[in-house]
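S.K.: I have a structure here, written as structure tokens, and I will follow up with some questions on it.
Since every read-out is calculated from the coordinates, none of them should be taken as a lab result. Being a predicted model, the structure only gives us computed values, none of them experimental. FYI the Cβ positions are ideal-geometry reconstructions off the backbone, even for glycines, and counts take in every protein chain you see.
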Amino acid sequence: MGMLEVSHLKKYFTTQKAVDDISFNIEKGSIFGLLGPNGAGKTTLIRMITGIFYPDEGEIFFDGKKFDPINDVVNIGYMPEERGLYKKMKIGEQAVYLAQLKGLGKHEAIEKVKEWFIKFEMQSWWNKKIEDLSKGMGQKLQFVTTVLHDPKLIILDEPFSGLDPVNSNLIKDEIYKLAKKGATIIFSTHRMEQVEEICDHIILVNKGQKVLDGSVNGVKQQFKENLFSITLDGAPAKVSSEIFDVLGGEENNLVVKIRNGHKPNDVLQYFIQMNIGVLSFNEMLPSLNEIFIKVVEGTPLSRQFQTVTA
Amino acid sequence: MNKIWLIFKREYLTRVRNRTFILSTFLFPLVIVLFIAGTVFLGIKGKTNHRIAVIDANNYFKEYLKSDSSLAFVYGADIDTSNYEQKGCTAVLIVPELKEGHKAIIRLKYKKQLGVNDGSELESRVNNAITDHMIFQKTNITRNKLDSIRSESDLADVRSFEDNGKEAKASSQGLAYGIGYASGLLIYILTFVYGAAVMRGVMEEKTNRIAEVIVSSVKPFQLMFGKITGIGAVGLTQFLMWIILIIILVTGAQAFISHETLSEMQKIQEANNMGNPSAARVSEGAQRIFEIKSTLATANWGLIVFCFLFYFLGGYLFYSSLFASVGSVVNEDPQEAQSLMLPITMPIIFSFIIMSMAVQDPSGPLAVWGSMIPFSSPIVMMARIPYGVPTTVPWWQLALSMALLVAGFLFTTWMAGKIYRTGILMYGKKPSWKTMWKWAMK
């Protein structure tokens, strides 16, 4: 059994089926990508997982047991997309306060905050106020307050927005470290290149329903279009075959699409027979970005309001 | 429970540590004292003295119209309606021939109004003058005789005693009016001040986008409740500091009372006990202080302070959760808050109007009903209590009013909590009344 198991979750609002029968499973220690266009129902889904909303239907199992919001929130760290901190409160006090709200004792909280502040080189910030910080510094602090209490499940909604590449990497490294130490991470974003880089497993949600579920590689395989790029040692005069179509490329770099019923080896054989040397031959897998657009495209960009009868 | 305590502590400490809290705690009483002193000062200083010219062909009034520095009457053949201003008079009183059994009209001509008080004073002096005139005409009493009768007739003081069946307690209507009005006004102001503080606090959490972060650790209701109680505790702290300040000032003032005055006051006390207040021959100062002291002693301070605290807290809890729910549904725009606040501020302002009537007629139906309904009871009941419990306000009324207020704030907190928990996470459009009603009833 995984860290988090969601089965047939539903949440209907008066004008929208925000989450309409979604099920998935997250393995312990994995980094899980929750993707979807704006208004797909991600935030509602996350709010149910964090115990902010009660689902209308369906069940959530947290660490093998039925999810109990009051006691389990201690083990969850949630960094919402709409996030912020008290502007007028001192940074150190604020971090300690948020940790205490998660259930840490005062001394324990202070120790943890100090530890993290040293890790992120923020010791000198303790007596500053949030209004003195830049946006990026604020995001860093927000991340610290999210993971401070060693949660088993960390939910990060657009964690890198507002961060420069250096600080992005710092946080990325921390995410890896936390996952390695056994924390499970749900990562929600629109930035597909980050998902490809970080996540093990993804689901794609659209219009309140799950439309994709699988490992990053599995999803790519599922959407591959048998495209290959070939580098030849000489430019062939004319390439034509019933095995494949040339879709693009120039001179000795070609992009080909293998027709149904043929194998990559057939392509290699063709060039060998033509007596043209093959320098490289690579499968071109679609990027998540392309998959995302392909899946979501064709559905209206913004969700229409609907009347819910349930 | 532990989490509510944490939120409570944060709300309380950040506010109490704030410099504006300390300043306002000490400045508020100072401003009030200055305001009262200012009005009294201006009332004395700003009073204009009027000279009234009297055109009285038959000399009907000359001997009888009482003149003093604030309202002086001048007679002269050379003064008429055209030149009274040059002669330094504010107005001119034209007296026709007065005959018995015939109502005549005395005209007062002026360019500038005398004012309500001076006007009615003038009227009563004119009427007294006519009465005096007739007394001399119809009886053989001399003027000196009448004056001496007047001064000798000061034989008795009217003192009021509150009769609660067992004992009669000295009371003072004036003091009850003062305390009633002041505490009603104070609760009215504090409800607004602290209600608005709760609303601003909620709006701050929403616009800073920290609401969702906190709500993922605690329940929205805990957040709201911790905030309301924390700010309420700030209010209590402030009130307590005012009481301490008053006690210090009063004891400080008492230290300036000399030994002689104290022993003189002792004498008045003894004379009063003998039933003959005029027996003690003492200085006017001692008399004054004794009067203030004995008037203040007529009030049941313990009960008044307790009820004030109860109704302050009850009213605050009743309204602050409503303020919190308004704060939770508005976005950055303070104008939205204005229009949403109206249904909350209206009953508070209305209660204040009822209170100012109740304080004059504390047993009337308006006062009784106003002090029962939780919307207005915190302000209105405080106007009645100083008149005496259980005489003016029977125990059952006080108990019922308190119970209804507790039920009332439990209800508003419950309802507002539902609006709050949805509103705090909503960004974008302000919800309509209908949607908010749906949230509350869900």
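S.K.: Can you give me the three principal axis dimensions of the stretch B:50-108 from its C-alpha atoms, in Å, biggest first?
M.R.: Largest first, the stretch B:50-108 extends 36, 25, 17 Å along its Cα principal axes.
S.K.: Please report the orientation-averaged projected area of the stretch A:91-165, defined via the convex hull of its C-alpha atoms, in nm². Could the numbers behind the result be given before it?
M.R.: On the way: hull surface 20.4 nm².
That works out to 5.1 nm².
S.K.: Given the DSSP H assignment, sum -39500 (n - 2.57) over each helix run of at least 4 residues in chain B and divide by its residue total; what's the result at 222 nm in deg cm²/dmol, nearest 500? Show your work: numbers first, answer last.
M.R.: On the way: 15 runs with 286 residues, N = 442.
Mean residue ellipticity, 222 nm, calculated: -22000 deg cm²/dmol.
S.K.: Right, next: Output the Cα-based Rg and Dmax of the stretch A:225-284 in Å, rounding Rg to one decimal and Dmax to a whole number.
M.R.: When restricted to the Cα atoms of the stretch A:225-284, Rg and Dmax are 10.2, 28 Å.
S.K.: Sorted from largest to smallest, which semi-axis lengths in Å does the alpha carbon gyration tensor of the stretch B:322-407 give for its equivalent ellipsoid, taking the root of 5 times each eigenvalue? If you can, show how the numbers build up before the last one.
M.R.: Working: eigenvalues 195, 37, 11 Å².
That gives 31, 14, 8 Å for the three semi-axes.
S.K.: Given springs between every Cα pair under 10 Å in a Gaussian network model of chain B, which of B:V33, B:V389, B:V74 has the largest fluctuation?
M.R.: B:V74
S.K.: Sticking with this structure for a sec: Between B:L303 and B:M274, what's the calculated FRET efficiency when r is the beta-carbon distance and R0 is 30 Å? Round to 0.05.
M.R.: 0.45
S.K.: If R₀ is 45 angstrom, what is the calculated FRET efficiency for the pair A:E251 and B:E336, using the beta carbon separation as r and rounding to 0.05? Write out the running numbers ahead of the final one.
M.R.: On the way: r = 64 Å, r/R0 = 1.43.
The formula returns an efficiency of 0.10 here.
S.K.: Listed here are the pairs A:K135/A:K210; A:K11/A:K65; A:K135/A:K172; which of them are more than 23 Å apart at the Cα? Spell out each step's value before the answer.
M.R.: Values: A:K135/A:K210 33 Å; A:K11/A:K65 21 Å; A:K135/A:K172 18 Å.
Exceeds cut-off: A:K135/A:K210.
S.K.: When Lys and Arg each count +1 and Asp and Glu each count -1, what net charge do the other residues less than 12 Å away from B:R143, Cβ to Cβ, add up to?
M.R.: Working: positive: B:K145, B:R150; negative: B:E63, B:D132, B:D147.
With Lys, Arg at +1 and Asp, Glu at -1, the net is -1.
S.K.: Net charge within 15 Å of A:N275 by Cβ-Cβ distance, Lys/Arg positive one each and Asp/Glu negative one each, not counting A:N275 itself?
M.R.: On the way: positive: A:K238; negative: A:D233.
It works out to a net charge of 0.
S.K.: Same structure, new question: With N set to the number of residues, divide the alpha-carbon radius of gyration of the stretch B:148-280 by 2.2 N^0.38 Å and report two decimals. Walk me through the numbers before you get to the answer.
M.R.: Numbers: Rg = 26.2 Å, N = 133, 2.2 N^0.38 = 14.1 Å.
So the stretch B:148-280 has a normalised radius of gyration of 1.86.
S.K.: What residue among B:E284, B:E212, B:E204 has the largest mean-square fluctuation in a Gaussian network model of chain B, using Cα springs under 10 Å?
M.R.: Comparing B:E284, B:E212, B:E204 in the GNM, the peak value goes to B:E284.
S.K.: Same structure again: Taking the Cβ of each residue in B:F256, B:F323 as the centre, tally the other Cβ atoms inside 10 Å and list the residues starting with the fewest.
M.R.: On the way: B:F256 7, B:F323 29.
Neighbour counts put them in this order, fewest first: B:F256, B:F323.
S.K.: Then there's this: Would you kindly state how much longer the chain becomes between B:A182 and B:T237 on full extension, computed as 0.36 nm times their sequence separation minus their alpha carbon distance, in nm to one decimal? Before the final figure, lay out the partial values.
M.R.: Numbers: separation 55, 0.36 × 55 = 19.80 nm, distance 1.91 nm.
Length difference between fully extended and current span is 17.9 nm.
S.K.: Lys/Arg Cβ at +1, Asp/Glu Cβ at -1, dipole of the protein assembly as shown taken about the Cα centre: which of A:V73, A:I293, B:I106 is farthest positive-ward?
M.R.: Projecting each Cα onto the dipole axis, the largest value belongs to B:I106.
S.K.: Would you be so kind as to identify which of B:L340, B:A299, B:T392 lies farthest towards the positive end of the dipole of the stretch B:174-441, taking Lys and Arg as +1 and Asp and Glu as -1 on Cβ and the Cα centre as origin?
M.R.: It is B:L340.
S.K.: Calculate the length of the line joining the C-alpha centroid of the stretch B:382-442 to that of the stretch A:24-81, in whole Å.
M.R.: Measuring centre to centre over Cα atoms gives 35 Å.
S.K.: Right, something else. What does the charge dipole of chain A about its Cα centre add up to, to the nearest 20 debye, if the Cβ of each Lys and Arg holds +1 and the Cβ of each Asp and Glu holds -1?
M.R.: On the way: 37 positive and 40 negative charges, 198 e Å.
Using only the charged Cβ atoms, the result is roughly 960 debye.
S.K.: A further question on this structure: Points 7 angstrom from Cα along the Cβ direction at B:T131 and B:L13: gap in nanometres?
M.R.: It works out to 7.0 nm between the two label points.
S.K.: Given the options A:S241, A:S161, A:S134, state which has the largest fluctuation in a GNM of chain A using a 10 Å cut-off (strictly under) for Cα springs.
M.R.: A:S241
S.K.: Okay, moving on. Once the principal axes of the Cα atoms of the stretch A:164-310 are found, what is the range along each, listed largest first in whole angstroms?
M.R.: Cα spread of the stretch A:164-310 along its principal axes, largest to smallest: 61, 44, 27 Å.
S.K.: Here's another thing I want to ask about it. Under 11 Å from a point 7 Å along the Cα-to-Cβ line of B:V250: which residues of the stretch B:303-321 have their amide N that close?
M.R.: Correct set: B:305.
S.K.: Where the only charges are on Cβ atoms (+1 Lys, Arg; -1 Asp, Glu), what is the dipole of the protein assembly as shown about its Cα centre, to the nearest 20 debye? Show your work: numbers first, answer last.
M.R.: Working: 80 positive and 72 negative charges, 205 e Å.
Around 980 debye, computed over the protein assembly as shown.
S.K.: Once R0 is set to 41 Å, what does the formula 1/(1 + (r/R0)^6) return for the Cβ-Cβ distance between B:I189 and A:E57, expressed as a FRET efficiency to the nearest 0.05? Before the final figure, lay out the partial values.
M.R.: Details: r = 50 Å, r/R0 = 1.21.
After rounding, the FRET efficiency stands at 0.25.
S.K.: Right, here's the next one. If I model a spin label as a point 7 Å beyond the Cα along the Cα-Cβ vector, how far apart are those points for B:L23 and B:I94 in nm?
M.R.: Simple spin-label model gives 6.0 nm for this pair.
S.K.: Then there's this: Aspartates and glutamates within cross-link reach of A:K119: Cα-Cα under 13 Å, excluding same-chain residues under 8 positions apart?
M.R.: A:E111, A:D173, A:E174
S.K.: Report the Cα-based extents of chain A along its three principal axes, largest first, to the nearest Å.
M.R.: Result for chain A: principal-axis Cα extents of 76, 53, 35 Å.
S.K.: Order of B:M241, B:M346, A:M48 from fewest to most other C-beta atoms within 10 Å? Show your work: numbers first, answer last.
M.R.: Details: B:M241 16, B:M346 11, A:M48 25.
Going from sparsest to densest Cβ surroundings: B:M346, B:M241, A:M48.
S.K.: Could you give the DSSP H helices of chain B that reach 24 angstrom or more along their long axis (alpha carbon positions) and whose average Kyte-Doolittle hydropathy is no lower than 1.0? Can you show the working numbers first?
M.R.: Values: long enough: B:19-45 (37 Å, 1.91); B:116-138 (33 Å, -0.63); B:173-207 (50 Å, 0.75); B:220-255 (53 Å, 1.54); B:301-329 (42 Å, 1.64); B:334-358 (34 Å, 1.14); B:395-423 (41 Å, 0.84).
Helices meeting the criterion: B:19-45, B:220-255, B:301-329, B:334-358.
S.K.: Then there's this: Based solely on C-alpha atoms, express the radius of gyration and the Dmax of the protein assembly as shown in angstrom.
M.R.: 41.7, 156
S.K.: Another question, if that's okay. How large are Rg and Dmax for chain B when calculated on the C-alpha trace, in angstrom?
M.R.: 30.1, 96
S.K.: Related question: Over the stretch B:50-149, how many percent of alpha carbon pairs lie in each 5 Å bin up to the one with the longest distance?
M.R.: Taking every Cα pair in the stretch B:50-149, the percentages come to 2, 11, 23, 24, 18, 12, 6, 3, 0.
S.K.: Which distance in nm do the two modelled labels at B:M426 and A:S161 give, with both placed 7 Å along the Cα-to-Cβ direction?
M.R.: So the label points at B:M426 and A:S161 sit 2.1 nm apart.
S.K.: With +1 assigned to the C-beta of every Lys and Arg and -1 to the C-beta of every Asp and Glu, and no other charges, what is the dipole magnitude of the stretch B:134-232 about the Cα centre in debye, to the nearest 20?
M.R.: Values: 12 positive and 10 negative charges, 46 e Å.
Taking the Cα centre of the stretch B:134-232 as origin, the dipole is about 220 debye.
S.K.: Follow-up question, since we're still on this one. Of B:Y316, B:V368, B:P220, which is farthest on the positive side of the dipole of chain B, counting Cα position, with +1 on Lys and Arg Cβ, -1 on Asp and Glu Cβ, and the Cα centre as origin?
M.R.: Looking along the dipole axis, the top candidate is B:P220.
S.K.: Please give me the summed charge of the neighbours of A:F62: other residues whose Cβ is under 11 Å from its Cβ, Lys and Arg +1, Asp and Glu -1. Present the calculation step by step, with values, prior to reporting the outcome.
M.R.: Values: positive: A:K65, A:K66, A:K152; negative: A:E5, A:E59, A:D63, A:D68, A:D72.
My count for the surroundings of A:F62 gives -2.
S.K.: With no solvent and one equal point scatterer placed on each C-alpha of the stretch B:235-327, evaluate the Debye formula and give log10 I(q)/I(0) for q = 0.19 Å⁻¹, two decimals.
M.R.: For the requested q values the scattering log ratios are -0.97.
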